[in-house]
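What follows is a set of notes on a single structure, which appears directly below.
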Amino acid sequence: MSINLHDWILDADLVSMQKAMTSGEYTSEALVLAYIERIHKYNPLINAVLEINPDALEIARNLDLERNTTGSRGPLHGIPILLKDNIDTEDRMHTSAGSIALAESFASEDSFIAAKLRASGAVLLGKANMTEWSNFMSNHMPAGYSSRGGYVLNPYGPGKLFVSGSSSGSAAAVAANLAAAAIGTETAGSIIG
């Protein structure tokens with residue numbers, strides 16, 4: 001008996017996802033759709049994701065076609081990944097550092113990591129919320145606060161358990177299974193916290 005995709009992704013790791021896409025059990029498009037549905041359902045409770053890449057489904061379809069015609073690029077081929085909102089992407093996603101002041105800012109080129117992820121076949125699913133300006137605005141800014149996306153809350157106890165570090169959205173999104181993986185950045189305890 002095949003397990004439902006929405007249940008399966010709760011425990012699936014990247015190796016399992018690759019095996020499922022290679023065997024044809026699931027596609028990158030199906031994974032992206034499942035994560036988008038989870039984001040719509042659970043993100044309003046924790047504010048971990050600022051935006052979904054409007055091209056994510058098209059990218060996933062193209063990667064599925066590529067897998068079927070020329071093969072996989074490697075272990076990240078078709079894997080939906082969120083990027084912290086201070087990582088530049090040359091696409092239709094914003095890079096705002098969690099600030100409403102940069103809410104309409106678009107990068108003119110990919111950051112090094114975004115370019116490497118694209119080259120490896122990863123699907124840049126969206127941007128993760130973050131502590132505004134990586135918490136360099138004030139010594140008193142609470143972790144997880146973003147004027148653009150609201151407070152990031154811990155999915156294991158929203159409003160009760162502390163969320164730490166400026167990569168709080170990346171951590172909360174993965175903890176809530178809103179993406180297969182997420183990229184954060186270490187600035188002043190952003191990942192360590």
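Filtering the range 157-176 to residues that are open to solvent by less than 10 Å² (accessible area, probe 1.4 Å) and touching a helix residue (DSSP H, G or I) at 6+ places or on another chain (Cβ under 6 Å) leaves Ser166, Ala172. From the list Asn139, Asn154, the lone residue that is open to solvent by 60 Å² or more (accessible area, probe 1.4 Å) and assigned to a loop (DSSP other than H, G, I, E, B) is Asn139. No other residue among Ser72, Ser111, Ser99 is small (Gly, Ala, Ser) and farther than 29 Å from Tyr151 by Cβ apart from Ser72. Number of residues in the range 111-130 that are part of a loop (DSSP other than H, G, I, E, B), in contact with a helix residue (DSSP H, G or I) (Cβ under 6 Å, 6 or more places away or on another chain) and either open to solvent by 10 Å² or more (accessible area, probe 1.4 Å) or at negative phi (or both): the value is 2. Inspection of the range 82-94 identifies no residue that is modelled with pLDDT under 95 and among the hydrophobic types (A, V, I, L, M, F, W, C).
In this structure, does Leu45 turn out to be closer than 28 Å to Tyr156 by Cα, at pLDDT 95 or above and not in a helix (DSSP H, G or I)? It is false that Leu45 is closer than 28 Å to Tyr156 by Cα, at pLDDT 95 or above and not in a helix (DSSP H, G or I).
Out of Ser108, Ser96, Ser72, one residue alone is over 16 Å from the mean Cα position of the chain (by Cα) and in contact (Cβ under 8 Å) with a residue 24 or more places away in the chain. It is Ser72.
The values are calculated or read from the model by the stated rules, or taken from the named source; none is laboratory data. As the structure is a computational prediction, the values presented were derived from the model and not from experiment. Counting neighbours? That spans all protein chains shown, and the Cβs are built from the backbone with ideal geometry, glycine included. Accessible surface areas use protein heavy atoms only, side chains included; no ligands, DNA or RNA. Shrake-Rupley method; radii C 1.70, N 1.55, O 1.52, S 1.80 Å.
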